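First the structure, in the form of structure tokens, and then the observations on it.
The values are calculated or read from the model by the stated rules, or taken from the named source; none is laboratory data. Everything numeric in this text was worked out from a predicted model, so none of it was measured. In this analysis, Cβ positions are derived from the backbone assuming ideal geometry, glycine residues included, and neighbour counts consider all displayed protein chains.
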Amino acid sequence: MEPLSSSGNGVADLIRVSDVAVASRDDVPAVARATRDCARVAGFGIEDAECVILAATELATNLAKYAAGGNIHISLMDDGARTVLQLESSDTGPGIPDTEQAMQDGFSTGGGLGAGLPGIRRLMDQFEITTSSDGTRVVARKWSSGR
Ligand SMILES: Nc1ncnc2c1ncn2[C@@H]1O[C@H](COP(=O)(O)OP(=O)(O)OP(=O)(O)O)[C@@H](O)[C@H]1O
Ligand SMILES: [Mg+2]
């Protein structure tokens, strides 16, 4: 994923961070709340706020479902021009054997709709997934008023 700063040094000013541990589905609402608070601070409109909250909810649900837990790191940054909200999901679960397949609408190994990951990609402005047998990391960003 490309560096954030428009000044070119790759460093964005951090406005706010929030970390939520996800051990089970019971922790998903806390992730949604933390993301909503961040979106509010960012001055996101209702639609953009709904997008990031839904994306965070899907990431957290996947952590509980497929990775036996993990962490959602929410950061709000100033890239020199605009505010960007970044969601980072990390886990030490089994990883995803075929990411291309997992990113397709309708693919699920857990009897779900298979709408989570492809949905997150559509809801956010940038999306990156890194996975191995050591775990999975997803980074997704959304800029205030689109990109
Ligand atoms: N953190 C993760 N660790 C391991 N596998 C994962 C992880 N997240 C997603 N996957 C795999 O990717 C597949 C697709 O995920 P996605 O969120 O799109 O669909 P789903 O969770 O199965 O269904 P839905 O999100 O629609 O309820 C999952 O079925 C699972 O196999
Ligand atoms: Mg899912």
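For the structure I just gave you, tell me whether Thr131 is without any contact (Cβ under 8 Å) to a residue 40 or more places away in the chain, among the hydroxyl-bearing types (Ser, Thr, Tyr) and either touching a Ser or Thr at 6+ places or on another chain (Cβ under 6 Å) or surrounded by 16 or more Cβ atoms within 10 Å (Cβ to Cβ) (or both). I'd like the intermediate steps shown before the answer.
Details: without any contact (Cβ under 8 Å) to a residue 40 or more places away in the chain: yes; among the hydroxyl-bearing types (Ser, Thr, Tyr): yes; either touching a Ser or Thr at 6+ places or on another chain (Cβ under 6 Å) or surrounded by 16 or more Cβ atoms within 10 Å (Cβ to Cβ) (or both): yes.
Criteria met by Thr131.
When you go through (1) part of a helix (DSSP H, G or I); (2) crowded, with 20+ Cβ neighbours inside 10 Å; (3) in contact (Cβ under 8 Å) with a residue 40 or more places away in the chain; (4) among the hydrophobic types (A, V, I, L, M, F, W, C) one by one for Leu54, which number turns out not to apply?
With (1) part of a helix (DSSP H, G or I); (2) crowded, with 20+ Cβ neighbours inside 10 Å; (3) in contact (Cβ under 8 Å) with a residue 40 or more places away in the chain; (4) among the hydrophobic types (A, V, I, L, M, F, W, C) applied to Leu54, the lone miss is (2).
Tell me which residues, restricted to region 13-31, are part of a helix (DSSP H, G or I) and under 13 Å from Ser89 (Cα atoms).
If the condition is that a residue be part of a helix (DSSP H, G or I) and under 13 Å from Ser89 (Cα atoms), then Val28, Val31 are the ones that fit.
Just to verify a result, which residue in region 60-99, among those that are surrounded by 16 or more Cβ atoms within 10 Å (Cβ to Cβ) and of a type in the set (D, E, K, R), is nearest to ligand 2 (Cβ to nearest atom)?
Lys65
So if I check each of Glu2, Glu100, Glu88, which one is within 18 Å of Phe127 (Cα to Cα) and assigned to a strand (DSSP E or B)?
Sole residue among the options that is within 18 Å of Phe127 (Cα to Cα) and assigned to a strand (DSSP E or B): Glu88.
Is there any pair with a first residue in region 95-107 that is modelled with pLDDT under 95 and a second that is among the acidic types (Asp, Glu) and within 12 Å of ligand 2 (Cβ to nearest atom) whose Cβ atoms are under 8 Å apart and which are 6 or more apart or on different chains, and what are they?
Here the result reads none, with nothing in region 95-107 linked to a residue that is among the acidic types (Asp, Glu) and within 12 Å of ligand 2 (Cβ to nearest atom).
Residue by residue through region 88-103, note down the ones that are closer than 14 Å to Val22 by Cα and in contact with a helix residue (DSSP H, G or I) (Cβ under 8 Å, 6 or more places away or on another chain).
Ser89, Asp91, Gly93
Return a yes/no flag: does region 64-75 have any residue that is outside any loop (DSSP other than H, G, I, E, B), touching a residue at least 24 places away in the same chain (Cβ under 8 Å) and aromatic (Phe, Trp, Tyr).
Checking region 64-75: at least one residue is outside any loop (DSSP other than H, G, I, E, B), touching a residue at least 24 places away in the same chain (Cβ under 8 Å) and aromatic (Phe, Trp, Tyr).
In region 100-118, is there at least one residue being of a type in the set (S, T, N, Q), surrounded by 15 or more Cβ atoms within 10 Å (Cβ to Cβ) and more than 6 Å from ligand 1 (Cβ to nearest atom)?
no
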